[in-house]
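The values are calculated or read from the model by the stated rules, or taken from the named source; none is laboratory data. Source: prediction; values computed, not measured. Note that we place each Cβ from the backbone using ideal geometry, even for glycine, and neighbour counts take in every protein chain shown.
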Amino acid sequence: MSTAKSVRAYGRLANLYFLDYNLSYPLVATLLPATVVRDTTTWVAFGIMIVGYFLVHCALIAFDDITGYRDGSDATNYRDNPSAMRRAHWKPLVTEELRLPEALRFAWTCLLVGLSLLVIGLLVAPYHPLWLIVLAVVGACISVQYSYGLKLSHIGFQELLLFFFTVELVLIPYAALTGELSARVVIEGSLFAFWLMMVSWYSNLRDCETDRGVGRINVATMTSERTYIAILGALAVADVVVVLGLIAFGTLPWIFAALLLPVFVARLVQFQLGAIKRNPLLGRMLGRRLAWAGALLMVLGNVLTD
């Protein structure tokens, strides 16, 4: 294989094109107090942490592909049952562009280098108590256990793991750079994590039978299709209710209701198309776009209310 093809294969293994989680960092940046923003150390430490978390995420995705290759689920979902939105091209182990030992070396290298950079970034940051460093490293290590090692996604923790990993990307850097956690950063981090988590909920609707076949436990495999769709319906309005409640109590500024209204409306469309019309991959794709839009609109809200 040529060098260019090899690089592209590793890029697909790490899913470098899935940059959704990086939108957590503009949320952090626009919530930082002015005094922190003016400090050069802030951006050095923040930059190192971002690269560290990016490599950890590459490891998480690579390990997930390794497990999917080993248990045959990726071959079933991508090669044997392809669609316009899910092709074997994105799975270099399935297409044999990469061998298993190569994928394992890549995943472990990304993890170890990523964790090292994360710790260095935290040490450079103004606030780095031992508990925060331990929490960051443990959280990153647990996230990699998504479908490798402990295989937490196989035993019922898939949805929570995705949620808390995304929240960590917001809360850990903010705490290290400011020495505190505001209600606003917790709320925005949780909303963004919720939207990204919903992407996997729609994927699980499509992959339910395959997941059952490999023993993966999640809400979709533990319930009937009808019950699962009812849960998706409740979740489609959950963020609307929460945000409106927080605005009513003065925790969030009113402008967030106007800014996020298109996202809330589109989330109902996502449910209609993805669940009611039984097109979960379209629901998944819309979910990613909605997470992007929601994050960027919250960033705009932070700038406007600064």
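Values computed for the structure shown
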read-out: Residues satisfying the stated conditions in the range 107-137, i.e. assigned to a helix (DSSP H, G or I), out of contact with any Cys (no Cβ under 8 Å at 6 or more places or on another chain) and not aliphatic (A, V, I, L, M); value: 108, 109, 116, 121, 131
read-out: Check on residue 295, at pLDDT 95 or above, of a type outside the set (D, E, K, R) and either within 21 Å of residue 162 (Cβ to Cβ) or buried (at least 19 other Cβ atoms within 10 Å of the Cβ) (or both); value: yes
read-out: Residue in the range 154-169 that is over 30 Å from residue 39 (Cα atoms), outside any helix (DSSP H, G or I) and either of a type outside the set (Gly, Ala, Ser) or in contact with a Lys or Arg (Cβ under 8 Å, 6 or more places away or on another chain) (or both) present; value: yes
read-out: Those residues of the range 17-65 which are in a loop (DSSP other than H, G, I, E, B) and over 13 Å from residue 170 (Cα atoms), in sequence order; value: 17, 18, 19, 33, 38, 39
read-out: Any hit, the range 233-251, residues being surrounded by 18 or more Cβ atoms within 10 Å (Cβ to Cβ), at negative phi, more than 18 Å from the chain's Cα centre (by Cα) and at pLDDT below 90; value: no
read-out: Whichever residue in the range 1-16 is touching a residue at least 24 places away in the same chain (Cβ under 8 Å) and within 22 Å of the chain's Cα centre (by Cα) and, among such residues, is farthest from residue 169 (Cα to Cα); value: 9
read-out: The range 266-295 residues that are among the aliphatic types (A, V, I, L, M), paired with ones that are outside any helix (DSSP H, G or I) (beta carbon under 8 Å, 6 or more apart); value: 273/279; 281/83; 281/85; 281/86; 282/85; 285/85
read-out: Number of the condition not met by residue 194 [criteria: (1) under 22 Å from residue 46 (Cα atoms); (2) surrounded by fewer than 20 Cβ atoms within 10 Å (Cβ to Cβ); (3) at pLDDT 95 or above; (4) not small (Gly, Ala, Ser)]; value: (1)
read-out: Odd one out for residue 277 among (1) among the basic types (Lys, Arg); (2) under 21 Å from the mean Cα position of the chain (by Cα); (3) surrounded by fewer than 17 Cβ atoms within 10 Å (Cβ to Cβ); value: (2)
read-out: Every pair of residues 6+ apart whose Cβ atoms lie under 8 Å, when the first sits in the range 129-145 and is at negative phi and without any contact (Cβ under 8 Å) to a residue 60 or more places away in the chain while the second is among the basic types (Lys, Arg) and part of a helix (DSSP H, G or I); value: none
read-out: Lone unmet requirement of (1) crowded, with 18+ Cβ neighbours inside 10 Å; (2) part of a helix (DSSP H, G or I); (3) hydroxyl-bearing (Ser, Thr, Tyr) for residue 76; value: (1)
read-out: Any hit, the range 33-40, residues being of a type in the set (Lys, Arg) and out of contact with any helix residue (DSSP H, G or I) (no Cβ under 6 Å at 6 or more places or on another chain); value: yes
read-out: Neighbours by Cβ (under 9 Å, 6+ apart or cross-chain): first from the range 203-219, closer than 13 Å to residue 158 by Cβ; second among the aromatic types (Phe, Trp, Tyr) and buried (at least 22 other Cβ atoms within 10 Å of the Cβ); value: 218/201; 219/201
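Quick grid of which residues meet (1) of a type outside the set (A, V, I, L, M); (2) touching a His at 6+ places or on another chain (Cβ under 9 Å); (3) within 30 Å of residue 215 (Cα to Cα):
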| site | (1), (2), (3) |
| --- | --- |
| 7 | no, no, no |
| 26 | yes, no, no |
| 42 | yes, no, no |
| 48 | no, no, no |
| 51 | no, no, no |
| 59 | no, no, yes |
| 76 | yes, no, yes |
| 79 | yes, no, yes |
